[in-house]
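The values are calculated or read from the model by the stated rules, or taken from the named source; none is laboratory data. Since we're looking at a predicted model, the values are computed, not measured. When we count neighbours, we look across all protein chains shown, and the Cβ atoms used for this are built from the backbone with ideal geometry, even at glycine. Heavy atoms of the whole protein, side chains included, go into the accessibility calculation; ligands, DNA and RNA do not. Shrake-Rupley method; radii C 1.70, N 1.55, O 1.52, S 1.80 Å.
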Amino acid sequence: LCERTPCMLGDKKCTQAPSSISFHFLAVVSNMSAPRVLFRVSAARVVGDTLRFGLAGGRGRGHFSVQRSGRQTGTLLLVTPVKGPATLEAEVEMSELERNTLLGRYLTKVTLFVSPYMF
């Protein structure tokens, strides 16, 4: 987990950068059935009035989707099976807003290692 240092007053570029970035690594078997929940992202507490979840990038975008699964939780889904060996990446973004003003961005980088084996 990496956390941003406090921003100087008026530094718009800094305030739009992620407040934190976390890294997660998952190993799965080849041709795993889909759709399948891979990972959940949630806020421990909500400061603003809205949380938004989405994909911010990564290699393998066509294989992933993000869905809201609760008031404070988003879920990363594998939507198509992947034949291994393969390495895919997804960047799940959670944005916290108050009256459509960005309060903070949180980025979770997930690396999926797909085994060449189906067991």
Quick count over segment 60-74, residues being crowded, with 19+ Cβ neighbours inside 10 Å and touching a Phe, Trp or Tyr at 6+ places or on another chain (Cβ under 8 Å), is 2
Scanning segment 96-119 for residues that are surrounded by fewer than 20 Cβ atoms within 10 Å (Cβ to Cβ), assigned to a strand (DSSP E or B) and of a type in the set (S, T, N, Q) gives 101, 111
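Can you tell me which of 15, 80 is loosely packed, with under 14 Cβ neighbours inside 10 Å, over 17 Å from the mean Cα position of the chain (by Cα) and touching a residue at least 12 places away in the same chain (Cβ under 8 Å)? Give the steps one after another, and end with the answer.
Working: 15 fails: loosely packed, with under 14 Cβ neighbours inside 10 Å.
It is 80.
Sort out which residues of segment 33-45 are closer than 30 Å to residue 99 by Cβ and open to solvent by 40 Å² or more (accessible area, probe 1.4 Å), and write them in order of number. If you could, list the steps in order and put the result at the bottom.
Restricting attention to segment 33-45, the residues satisfying the condition of being closer than 30 Å to residue 99 by Cβ are 39-45.
Result: 40, 42, 44, 45.
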Taking segment 1-53 and keeping residues among the small types (Gly, Ala, Ser) and out of contact with any strand residue (DSSP E or B) (no Cβ under 8 Å at 6 or more places or on another chain) leaves 10, 33, 44
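Of all the residues that make up segment 66-95, how many are assigned to a strand (DSSP E or B) and modelled with pLDDT of 90 or more? Before the answer, list the steps.
Filtering segment 66-95 for residues assigned to a strand (DSSP E or B) gives 66-70, 73-78, 86-95.
Next, only the ones that are modelled with pLDDT of 90 or more stay: 66-69, 73-78, 86-95.
Residues that pass the stated criteria total 20.
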